[in-house]
Amino acid sequence: MSRGDPAAQSDTALRRAVDVKGVALGYEPPADDRGDVGIWIPAGGSHCVGGLSATQKAKLLAAVIEHRPERRAVGPQGGAMRSEKRAKLVLLGAELDKLGPAERAALRARVGFLPAHGGLLSNLNAWENIVLPLGFHYPKRLKDAAAQVHGLLTELRADPQALLPKLPERMSPYEKKLTGYVRILMEKPELLLVEDLRGGLDRAERAQVTEFPAAYLASCPGGTFVQLDGTPEV
Amino acid sequence: MIGVYREFEACMRLAGHVLRRLRVLALPPVAEVLTRQIYFTGASATAGIVLRGAFIGTFIIAYVIDVLEADSALAVKILFWVLLRHIAPLVAAVLVIQRSGTAVATELALMQVSGEVASLRRMRVDPRDYLVVPRVVGIALSTAALTFYVQVIAVGGGMLLSALTINASIGELSSEFFLLASPVDFVYSVIKSLLFGVAIAVICCYHGLHPPGGSINAVPKAAINAVTQSTLLVMLLNVVFAYLVFGQAFFGLVSAKV
C-alpha cells in the first residue's frame with residue numbers, strides 16, 4: 001500500500017511499469033490526489049488493507065464494485081473543465097480503463113464483495129438471500145445448492161437448520177455476515193473483498209470470522225481474499 | 001411541468017424495460033416474486049372484491065330502479081354499459097391502487113432508503129429485473145382477474161336484485177344481457193384492465209425506486225405520489241380508452257362525431 005508522498009509516487013510509477021498480470025487488485029489514485037492511498041495486491045492468498053478512511057473505502061469500492069472510477073474535473077482557468085484525470089484500476093490482471101463495457105461486466109462477475117452488514121434483503125430469509133444471485137446468474141447450479149450451502153455452513157460452525165429459515169431482522173450481526181459470506185462463496189469469485197470483517201462482533205464471533213479466509217481459499221483455490229478494514233473518519 | 005414530463009418519460013422508459021426484459025420471469029427468484037405478487041394482489045384481495053362488487057352492482061340497480069322506475073331492458077342496459085364497461089374496471093383498479101400500489105411503492109422506497117437496492121446492484125442483479133418486472137406483470141394480470149370478478153359479481157348481483165324487485169325473471173334479464181354483449185366488450189375489458197394494471201404498477205415502482213430523498217420521511221411521500229399519480233392516470237386512461245373504442249367518454253356525455 002502506498003501513500004501520496006513523493007517516495008510512494010515513484011514506487012507507484014515503478015509498479016505501473018510492472019506487468020499487471022499477477023495483480024488481483026490495483027488501485028492508483030489520480031497523480032494530483034495527495035490525500036488518497038494506492039493499493040497493489042498480488043493474486044492469491046489472504047490480504048488485509050488497513051487504515052482506510054470511510055471516504056477512501058467508498059471511493060475504492062465505487063471504482064471496483066460499481067465500475068465508477070473516480071473522475072476528477074481539472075479546470076485551471078476560472079473553473080473551466082478541460083480534461084479529466086481518473087484513478088487507475090487493475091482487477092484480476094486487467095486494467096479496467098482498457099476494457100469495453102462487456103469485458104468489464106465479465107470481469108466484475110469474477111469479483112465478490114461482502115459489505116460490513118452482510119448486504120441482505122430484509123424480506124427474504126437466509127436461504128432465499130443465499131440463492132438469490134445464484135438463481136439470477138447460474139440457475140443450473142441451484143439443484144446442488146442446498147447440499148453446498150449446508151456443507152459451507154457446517155464448515156463455518158453454524159447450524160443450517162436454525163439459520164436458513166431466519167429473516168435478517170431475527171439474525172445477529174454475525175449471522176448476517178455469515179449469510180452474506182456463504183452467498184458470495186456460492187458464486188466462487190476469484191477476488192473477494194470483505195468490508196470491515198470484524199466490525200460489530202463480540203470476541204467469540206471475531207474468533208469465528210478468522211476462519212472465513214481459509215473457507216474461501218478452500219472453496220476457491222487460487223483466489224484472493226482482501227479484507228478492507230477502515231478507521232473512523234475524524 | 002418539466003418535472004411532470006420527466007417523470008412521465010422515466011415511467012415510459014421503465015415500462016419499455018419491462019417489455020424488453022420479460023424473459024427474466026423464467027429465472028427462479030423472479031418467478032418467486034411474480035407468484036407472491038399475484039397471490040397478494042389477485043388472490044388474497046378476492047374476498048374484499050366480492051363484497052364490494054356485489055354491493056356496487058346491487059346499489060346501482062336499486063338506485064336506477066327506484067329513481068328511474070326502470071324496466072328489465074333499462075336495468076340490463078345500465079348494468080352492461082355503466083357497470084361492465086366502466087365501473088367494474090375502475091373499481092378493480094382503485095382497489096389495486098389502494099391495496100397493492102401503496103404496498104409496492106412503500107416497500108421499494110424502503111428498500112432504496114435502507115440500501116437494499118444498492119445491495120442488489122452489488123450482486124450484479126438489475127433492480128428493475130428483480131423488483132419491477134415481476135411486480136408489473138403480477139399486478140397487470142391480477143387487475144385483469146379482479147376486473148373479471150367484479151364484472152361477474154356486480155352484474156350477477158345486479159341481475160338477482162332486479163329479478164327480485166321488478167317484474168322480470170333471471171332468464172329474461174340474462175337473454176337481454178347476452179343480446180347486448182359482444183366479444184369486443186370482453187377484449188375491451190381485458191385490454192383496459194391490463195393497461196390499468198401496467199400503469200399502476202409502473203408508476204408505483206417508479207416512485208418506490210425514486211423516493212424524494214434518502215431519509216425515512218421520503219417513504220410516505222413516495223407512496224402518496226404513487227397513489228395520486230396512478231389514480232389520475234387510471235381515470236385519464238379510462239376516458240381516452242372509452243372514447244377510442246366506443247366513441248364515447250364520461251358515460252356517454254361526450255360522443256365522437258361520425
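Return yes when A:Glu70 is crowded, with 16+ Cβ neighbours inside 10 Å, modelled with pLDDT of 80 or more and farther than 30 Å from A:Tyr138 by Cβ and no when it is not.
no
For the stretch B:136-145, state whether one or more residues are within 11 Å of chain A (Cβ to nearest Cβ), part of a helix (DSSP H, G or I), within 30 Å of A:Glu187 (Cβ to Cβ) and out of contact with any strand residue (DSSP E or B) (no Cβ under 9 Å at 6 or more places or on another chain).
Within the stretch B:136-145, not a single residue is within 11 Å of chain A (Cβ to nearest Cβ), part of a helix (DSSP H, G or I), within 30 Å of A:Glu187 (Cβ to Cβ) and out of contact with any strand residue (DSSP E or B) (no Cβ under 9 Å at 6 or more places or on another chain).
Can you give me the ranges of the helices (runs of 4 or more DSSP H) entirely in the stretch B:46-127 with at least 1 residues that are away from every other protein chain (no Cβ under 14 Å) and touching a Ser or Thr at 6+ places or on another chain (Cβ under 8 Å)?
Hits in the stretch B:46-127: B:46-68, B:72-77, B:88-96.
Consider B:Ala154 carefully, then state whether it is farther than 16 Å from B:Arg52 by Cβ, more than 14 Å from chain A (Cβ to nearest Cβ) and not basic (Lys, Arg).
Here the answer is no, as B:Ala154 does not meet what is asked.
Quickly run through the stretch A:86-104 and pick out the residues that are free of Cβ contacts under 8 Å to residues at least 24 places away in the same chain and assigned to a helix (DSSP H, G or I).
A:Lys98, A:Pro101, A:Ala102, A:Glu103
Keeping to the stretch B:83-106, report how many residues are buried (at least 21 other Cβ atoms within 10 Å of the Cβ) and under 24 Å from A:Pro168 (Cβ atoms).
Final tally of qualifying residues: 3.
Say we look at the stretch A:124-150 and pick out the residues that are in contact (Cβ under 8 Å) with a residue 40 or more places away in the chain and either in contact with a Pro (Cβ under 8 Å, 6 or more places away or on another chain) or outside any helix (DSSP H, G or I) (or both); which of these is nearest to the other protein chains (Cβ to nearest Cβ)?
Here the residue is A:Leu132.
Go through the stretch B:28-45 and count every residue that is within 14 Å of chain A (Cβ to nearest Cβ) and under 23 Å from B:Leu233 (Cα atoms).
Qualifying residue count for the region: 2.
Answer yes if at least one residue in the stretch B:11-34 is over 27 Å from A:Asn123 (Cα atoms), touching a residue at least 40 places away in the same chain (Cβ under 8 Å) and outside any helix (DSSP H, G or I), and no otherwise.
No.
Which one is surrounded by the most Cβ atoms within 10 Å (Cβ to Cβ) among residues in the stretch A:91-123 that are within 9 Å of another protein chain (Cβ to nearest Cβ) and more than 16 Å from the chain's Cα centre (by Cα)?
Here the answer is A:Leu121.
In the stretch B:1-27, which residue that is surrounded by 14 or more Cβ atoms within 10 Å (Cβ to Cβ) and within 14 Å of another protein chain (Cβ to nearest Cβ) is farthest from A:Leu142 (Cα to Cα)?
Selected residue: B:Arg21.
Yes/no per residue for (1) modelled with pLDDT of 95 or more; (2) of a type outside the set (A, V, I, L, M); (3) out of contact with any Pro (no Cβ under 6 Å at 6 or more places or on another chain); (4) part of a loop (DSSP other than H, G, I, E, B):
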{"site": "B:Val198", "(1), (2), (3), (4)": "yes, no, yes, no"}
{"site": "B:Ala201", "(1), (2), (3), (4)": "yes, no, yes, no"}
{"site": "B:His207", "(1), (2), (3), (4)": "yes, yes, yes, no"}
{"site": "B:Gly214", "(1), (2), (3), (4)": "no, yes, yes, yes"}
{"site": "B:Ala223", "(1), (2), (3), (4)": "yes, no, yes, no"}
{"site": "B:Val239", "(1), (2), (3), (4)": "no, no, yes, no"}
{"site": "B:Val245", "(1), (2), (3), (4)": "no, no, yes, no"}
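Taking B:Tyr188 as the residue in question, decide whether it is in a helix (DSSP H, G or I), under 23 Å from B:Phe148 (Cβ atoms) and either in contact with a Pro (Cβ under 6 Å, 6 or more places away or on another chain) or touching a residue at least 12 places away in the same chain (Cβ under 8 Å) (or both). Full working, then the answer.
On the way: in a helix (DSSP H, G or I): yes; under 23 Å from B:Phe148 (Cβ atoms): yes; either in contact with a Pro (Cβ under 6 Å, 6 or more places away or on another chain) or touching a residue at least 12 places away in the same chain (Cβ under 8 Å) (or both): yes.
In short, yes.
Regarding A:Leu153, is this residue over 28 Å from A:Ser53 (Cβ atoms) and assigned to a helix (DSSP H, G or I)?
So A:Leu153 passes the test.
The values are calculated or read from the model by the stated rules, or taken from the named source; none is laboratory data. Worth saying up front: this structure is predicted, and the values here are computed from it rather than measured. When we count neighbours, we look across all protein chains shown, and the Cβ atoms used for this are built from the backbone with ideal geometry, even at glycine.
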